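Enquirer: What follows is a single structure, and I will ask about it in a moment.
The values are calculated or read from the model by the stated rules, or taken from the named source; none is laboratory data. These figures come from a predicted structure and were not determined experimentally. Heads up, the Cβs are rebuilt from the backbone with ideal geometry, glycines too, and the neighbour counts pull from every protein chain shown.
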Amino acid sequence: MQSKLKQLLFDALAVLAADAKLPADLLVSLPIQVERTRNPEHGDFASNIAMLLTKDVGMRPRDLAALIISALPACALIDQVLVAGAGFINFYLTKSAQRKVIADVLQLGEKYGCCDIGLGQSAIVEFVSSNPTGPLHVGHGRGAAYGASVADLLETIGYKVHREYYVNDAGRQMHILATSIWLRYLELSGEDIALPGNCYRGDYIIEIARRLRVEYGEKLRRSVELLYQDLPIDGKDGGDADFYIDAMVARAKDLLGDDYEAIFQRGLTTIIADIREDLEEFGVVFQEWFYESALHKSGDVARSIARLHELGHIYEKDGATWFRATDFGDEKDRVVIRENGQYTYFAADIAYHLNKYGRGFDLIVDVLGSDHHGYAPRVQAFLKAAGLDVSKLIIPLVQFAILYRGKTKVQMSTRSGEFVTLRELRKEVGNDAARFFYVMRKNDQHLDFDLDLAKSQSKDNPVYYIQYAHARVCSVYRQLEERNLDWDMTEGLLNLHLLAKEHEDVLVRCLGRYAEVLQQAALKYEPHLVAHYLQELANDFHAYYNAEQFLVDDAKLRYARLCLIAATRQVLKNGLFLLGVSAPETM
RNA sequence: GCGUCCGUAGCUCAGUUGGAUAGAGUACUUGGCUUCGAACCAAGGUGUCGGGGGUUCGAAUCCCUCCGGGCGCACCA
């Protein structure tokens, strides 16, 4: 509708230019804006074009607006066009044009709201990508919910979407994990073990160790004396904790030989399986789990650095290998190969992004935690260095969620292993409330997640408010059958002009905004717009429900009203689906 | 210190590429079920949009500055 109105305005200006009433060069780079009005008194759409042109033309805005209106081609969908305010051109659609949305929704069903502005291009959305060193916690949950909705939104506007989880299985942390598991294994074997300050704790480590015990028996056992022989001093005893744990890892590799790899792999696969199951239960499914280690094994990391080297963006300093990121807008140069010869995480990430570009995606979305916001310039720097199109890469940031129980903050501590896991959260508040609450706020805003509110089955809870609207519509159709009344949809669509009540106008108007909201949400990577829209739609429906009867004796009116609420139900369902929330028929 | 995001009603937050009288929810008060689910609706008021300056027909929105917060500033990932 907006594009149609823009075209009408363009045509009007062209006519005026042809008649020499306006300068012809206006049309060249003219950004015609048409936006939906906030206030129904101002019609359905408005354009500020007259105010923008007032200077170039040398006319007063209201006079120019009137002139443009006089040149507008006729359009059957438009009831009237008026000048208002400082020079706005307000478009009032005919009622039948507004009500057409009802037929559109009913005809298209689940597809309603989709469009093809993505042109079938391919997009990759990488999200969650939490280190496989433990279960997902509530912070990861927001990235999961957000990324999943962004991916779904991109699909609705016509992208082919590939959802990917990047598994960081190549770093130091993974070795600390493997070592932590082994120490627990030794402990379960009856050894007296002092856990290093920097190792992973948490029951899941013990559980993995227990299974190793069952499977391998004593095979992984080694001498504890050799283990502790000549180790440096741990952090808690006044030494360097990092130095200590690294020495411990090295010792574990020494003593275990080939068995070390078995423990490492067991830790990795167990935790990834857990994360995967957790996410699937949460309604978040990936097309691909991409392993960082694969980039190392294939030689992609080495080749990527070599490529930058050939381009002259690599240099040696202090025994390390650096990428000259400052040449491309980053604030400092970055190490890619450490003094000890190992690649940094960033080096692997360069290879990973080259890989993504190499796969030919038209749009690349990296969802990151906001604590990584300093990382973006680094990635963009090497993309520039490699001569790649930086604009293809979008990096939305997700702020942390802070849990509350009523007014009191829930303390989270990863160190003690007593953090609140996503699984615990889902169990407590349910998947629907969790998914909705996570995306209810703008992604780059802090989220106060009130557990009590999310659990409450009351009007305070926006999830139930929306779901209740859906269930209520469903209930009406159950009543329809019980009362032996009928609903003829085709007949209803022919009688939409009977929907003349104010609540019906409001509801129709709201339905008409859905497609725009989806596009906006998708293009801006902001699913919270959908969440807010659904609350408005539910509100308009509830108000209508309380004001009017649907199951009236007048058959034509009944048909028409049932069409309207059926369309409402469909849009509620489509919107909730995008957010990963169920649309129950009863509650 | 530098970078970055943010500061909107008592609280939690929206506010579309700069638009018309800045909006929801919540809290508080009151009213509404013999008729489709009261997990609902209706009515009631609240703002120096953190302060100041600038850009213009027009600023919560863009620029500068100050105040106050979050996050980042590794040869960690």
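Enquirer: Please tell me if A:I89 is under 30 Å from A:N168 (Cβ atoms) and either within 34 Å of the chain's Cα centre (by Cα) or surrounded by 22 or more Cβ atoms within 10 Å (Cβ to Cβ) (or both).
Expert: Criteria not met by A:I89.
Enquirer: Residues being touching a helix residue (DSSP H, G or I) at 6+ places or on another chain (Cβ under 7 Å) and not hydrophobic (A, V, I, L, M, F, W, C): count how many of those fall in the range A:373-395.
Expert: Matching residues across the range A:373-395 total 3.
Enquirer: Say whether the condition of being farther than 30 Å from A:I364 by Cα, within 16 Å of RNA strand B (Cβ to nearest atom) and aliphatic (A, V, I, L, M) is met by at least one residue in the range A:201-213.
Expert: No, the range A:201-213 contains no residue that is farther than 30 Å from A:I364 by Cα, within 16 Å of RNA strand B (Cβ to nearest atom) and aliphatic (A, V, I, L, M).
Enquirer: Determine whether A:D11 is among the charged types (D, E, K, R), surrounded by 17 or more Cβ atoms within 10 Å (Cβ to Cβ) and modelled with pLDDT of 85 or more.
Expert: No; evaluated as a whole, the condition is false for this residue.
Enquirer: Another question about this same structure. Can you pull out every residue in the range A:100-133 that is assigned to a strand (DSSP E or B) and either out of contact with any helix residue (DSSP H, G or I) (no Cβ under 8 Å at 6 or more places or on another chain) or among the charged types (D, E, K, R) (or both)?
Expert: If the condition is that a residue be assigned to a strand (DSSP E or B) and either out of contact with any helix residue (DSSP H, G or I) (no Cβ under 8 Å at 6 or more places or on another chain) or among the charged types (D, E, K, R) (or both), then A:S122, A:E126 are the ones that fit.
Enquirer: Looking at the range A:326-344 only, could you name the residues that are within 14 Å of A:F382 (Cα to Cα) and either under 29 Å from the mean Cα position of the chain (by Cα) or within 9 Å of RNA strand B (Cβ to nearest atom) (or both)?
Expert: A:F328, A:G329, A:D330, A:E331, A:K332, A:D333, A:R334, A:V335, A:V336
Enquirer: Next question, about the same structure. Which condition breaks for A:I565 when tested against (1) within 34 Å of the chain's Cα centre (by Cα); (2) at pLDDT below 95; (3) within 12 Å of RNA strand B (Cβ to nearest atom)?
Expert: It is condition (2) that A:I565 fails.
Enquirer: Just checking, which of A:Q80, A:Q98 is at negative phi and surrounded by fewer than 16 Cβ atoms within 10 Å (Cβ to Cβ)?
Expert: Checking each option against the conditions leaves just A:Q80.
Enquirer: Continuing with this model, one more query. Do we find a residue being under 30 Å from A:T568 (Cβ atoms), within 15 Å of RNA strand B (Cβ to nearest atom) and of a type in the set (G, A, S) anywhere in the range A:10-31?
Expert: Scanning the range A:10-31, I find no residue that is under 30 Å from A:T568 (Cβ atoms), within 15 Å of RNA strand B (Cβ to nearest atom) and of a type in the set (G, A, S), so the answer is no.
Enquirer: Write out, first by first residue and then by second, each pair whose Cβ atoms fall under 6 Å of each other, whose residues are 6+ apart or on separate chains, and whose first residue, in the range A:565-580, is more than 24 Å from A:Q479 (Cβ to Cβ) while the second is surrounded by fewer than 22 Cβ atoms within 10 Å (Cβ to Cβ).
Expert: The qualifying pairs are A:L578/A:D152; A:G580/A:G283.
Enquirer: Does A:R142 satisfy the condition of being closer than 20 Å to A:L279 by Cα, within 15 Å of RNA strand B (Cβ to nearest atom) and not in a loop (DSSP other than H, G, I, E, B)?
Expert: Taking the combined requirement at face value, the residue satisfies it.
Enquirer: Are any residues in the range A:32-87 within 7 Å of RNA strand B (Cβ to nearest atom) and either touching a residue at least 60 places away in the same chain (Cβ under 8 Å) or in the same structural domain as A:E502 (by TED's automatic domain parsing) (or both), and if so, which ones?
Expert: Scanning the range A:32-87 gives a single hit, A:R36.
Enquirer: Which count do you get for residues in the range A:472-491 that are within 8 Å of RNA strand B (Cβ to nearest atom), buried (at least 17 other Cβ atoms within 10 Å of the Cβ) and among the aliphatic types (A, V, I, L, M)?
Expert: Of the residues in that region, 1 qualify.
Enquirer: For the range A:446-468, give me the residue count where each residue is within 8 Å of RNA strand B (Cβ to nearest atom) and in a helix (DSSP H, G or I).
Expert: Residues meeting the conditions: 5.
Enquirer: Take A:Y352 and decide whether it is touching a residue at least 24 places away in the same chain (Cβ under 8 Å), within 13 Å of RNA strand B (Cβ to nearest atom) and either closer than 20 Å to A:H162 by Cβ or of a type in the set (F, W, Y) (or both).
Expert: Here the answer is yes, as A:Y352 does meet what is asked.
Enquirer: A further question follows. Among (1) of a type outside the set (D, E, K, R); (2) assigned to a helix (DSSP H, G or I); (3) over 20 Å from A:N131 (Cα atoms), which single condition is A:I245 missing?
Expert: The single condition A:I245 does not satisfy is (3).
Enquirer: Identify, please: which residue in the range A:528-550 is without any contact (Cβ under 8 Å) to a residue 60 or more places away in the chain and aliphatic (A, V, I, L, M) and is, among those, farthest from A:M440 (Cα to Cα)?
Expert: If we take residues in the range A:528-550 being without any contact (Cβ under 8 Å) to a residue 60 or more places away in the chain and aliphatic (A, V, I, L, M), then A:A547 is farthest from A:M440 (Cα to Cα).
Enquirer: Continuing with this model, one more query. Only one of these is out of contact with any Cys (no Cβ under 6 Å at 6 or more places or on another chain), of a type in the set (A, V, I, L, M) and within 11 Å of RNA strand B (Cβ to nearest atom): A:I364, A:I402. Name it.
Expert: A:I402
Enquirer: Name the single residue that is modelled with the lowest pLDDT among those in the range A:21-71 being under 25 Å from A:D505 (Cβ atoms) and among the basic types (K, R).
Expert: By that ranking, first place goes to A:R38.
Enquirer: Does A:I206 satisfy the condition of being in contact with a Lys or Arg (Cβ under 6 Å, 6 or more places away or on another chain) and part of a helix (DSSP H, G or I)?
Expert: yes
Enquirer: Taking the range A:536-555 as the search range and keeping residues that are more than 6 Å from RNA strand B (Cβ to nearest atom) and buried (at least 16 other Cβ atoms within 10 Å of the Cβ), which one is farthest from the chain's Cα centre (by Cα)?
Expert: A:Y544
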